[in-house]
Structure formats: C-alpha cells, structure tokens
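None of the figures in this text is laboratory data; all of them are computed from the coordinates on show. Keep in mind the model is a prediction, meaning the values are calculated, not measured. A quick note on method: Cβ atoms are made from the backbone with ideal geometry, for glycine too, and the neighbour counts reach across all protein chains shown.
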Amino acid sequence: MAVAIKMKLNEKLFLRDPQETKLGRKIIQYSILMIDEKGFEDFTFKKLADRIESTEASVYRYFENKHRLLLFLLSWYWEWIKYSIDLKIMNIEDPKRKLKIALETLVDTSHHDNPETEHINEAILHRIVIAESAKGYYTKQVDEENQQGLFLTYKALCKTFHTIMLEINPSFPYPRALASTILEMAKSHVYFSEHLPSLTDINFKQGNSEAQVKKLLIDFAFGLLGSTLFAAKPENGQLPGA
C-alpha cells in the first residue's frame, strides 16, 4: 500500500499545509492533473473545486492564490529531487562518482512516478516543472518572495551540486552558475527536444531521451570542470556505475 511522504516546506507557501489532510492532498493531486491538462493560465480554483466536488472557498483555506499553489508544487518537486539525491550519495566519498550519481538521479527521479507518494505523480509534476516553472520566479514579486524564503528548496538543491563541483575542482570560478545551469538544462532541453528541436541536440524522436539528457549533463558538467569522469576504463571496458 502506498504511503504519504511529507516534505517539510516553507510555511509561507500555504495557509494550511495540504499534506496534513485528505482534502489538502486531494487538492494537490488534482491541481497537478489539471495544470498538466489545461496549462497554468487556464487553471482556476473554481475549476479545481468543481473537479474535486468541493467548494472554491475550501481551496482558498489552503492557498492564498494559484501562484502560491504553483510555488508549493515546484518546492515540493525540488525537495523531492534533493531528498532522492541525498539518499543516493550519502555514503559516496569520491566527488566525481557523487556528481555522476547526482546527475543521473536528477534525470531518473524526474521521469518516474514514485508509488510512495500516492497523491503526487512525479512524472506529471515533472512536465509542469518543465512547462510552468519560470512562472514561479519570473514575476514582479520575486524579490519579496525571495526575502520570504519561498525559493529555498531550489537554492538548497543548487548548493548540493555546486558543493560537489567544488570538491572536484576547488578553483572552478563558477560553481553556482554551473549548478543552476545544469538544473535548467535538465528540464529545458527535454522541452526543446519535443517542441523546439533546433535548439537542442537531444533527439526526442529517437526515443531514449533520458539517456541522452544524462549524457548531455555529465559531458557538460565534467567538461566545464576540466575533469574526466574516470581516469581509465577497467579491463572489461565498462565505466564504473554505468
């Protein structure tokens, strides 16, 4: 039986934590489905309330507006990615191996639903992150929301990556820029491959887009860090962890 995993998020994202009640989890579950179906612009609390057979007022008891709901979904997603990466690299000492695993986990976790989160389909939420995440922070109120700490989960994930990058190359001058660029690449090039193929080298029609994105991120990160992934191949010709 699936269990509900609760992520600890900034309390300013919501009026009442939707993870704590059956109705709240239903609001999250169906808001993900509806934003994916309709797009964020066409999504409203009234339409959501009709879908879950509740009232618009009940939705507003959890979120001040749909922008805060979007920020909640984005924050949940990035926290889930960080949680997954932290588990995978917990006992890894080699920073190169850590970075490879972190990059692969970033892609793998993004593309697959986890049955342990029954009210959140991560694969669908990933599509929302790809299509709608810029609307979370390209806004007039971004500075105020940043002061309130509404982007801390995204920053924490970036810090995970830039910390590992500095372990690999302590003199690299742009660890934060590379970390945030990697996160943006992981989502933007999937979108480009499907809708604007001339902007990327990922071939959506080829099928194995996950493997292509992993290779893109690994080659890009290690190339800029001035490091090879492994010094040499073992006798069987296979890279460790490949």
Whole-Hz couplings from phi, Karplus 6.51/-1.76/1.60, listed for the stretch 128-136; x for Gly and Pro:
5, 4, 4, 8, 10, 5, 4, 6, x
Residue (of 67, 133, 217) at the positive-pole extreme of the chain, dipole from beta-carbon charges
67
May I ask for the net charge around residue 215, where only other residues with Cβ less than 12 Å from the Cβ of residue 215 are counted and Lys, Arg are +1 while Asp, Glu are -1?
-2
Between 0 and 90°, nearest 10: helix 66-89 axis offset from the chain longest Cα axis
30
Quick one: length gained pulling residue 97 to residue 198 fully straight, 0.36 nm per residue minus the C-alpha distance?
33.2 nm
Two-decimal Rg to Rh for the stretch 4-120 - Kirkwood Rh, Cα set
1.05
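Around residue 180, with a cut-off of 11 angstrom between Cβ atoms, what is the net charge of the other residues, counting Lys and Arg +1 and Asp and Glu -1? It would help to have the intermediate numbers written out before the result.
Numbers: positive: 155, 159, 176; negative: 184.
Spelling it out: positives minus negatives among the neighbours equals +2.
Which net charge results for the neighbourhood of residue 152, defined as the other residues with beta-carbon distances under 14 angstrom from its beta-carbon, given Lys and Arg at +1 and Asp and Glu at -1?
Here the count lands on +2.
Using a Förster distance of 22 angstrom, determine the FRET efficiency expected from the C-beta separation of residue 143 and residue 64, and round it to 0.05.
Efficiency, rounded to the nearest 0.05: 0.75.
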Listed here are the pairs 187/215; 155/205; 100/159; 22/88; which of them are more than 22 Å apart at the Cα?
155/205; 22/88
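Do you know the relative contact order of the stretch 10-69, to the nearest whole percent, from alpha carbon pairs under 8 angstrom that are 6+ apart? Mind dumping the intermediate values first?
Working: 51 pairs, mean separation 25.4, N = 60.
Result for the stretch 10-69 is 42 percent.
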What are the ³J(HN,Hα) couplings of the stretch 209-214, residue after residue, when phi is run through the Karplus curve with 6.51, -1.76, 1.60 and θ = phi - 60°? Round to Hz, x for glycine and proline.
5, 4, 5, 5, 5, 4
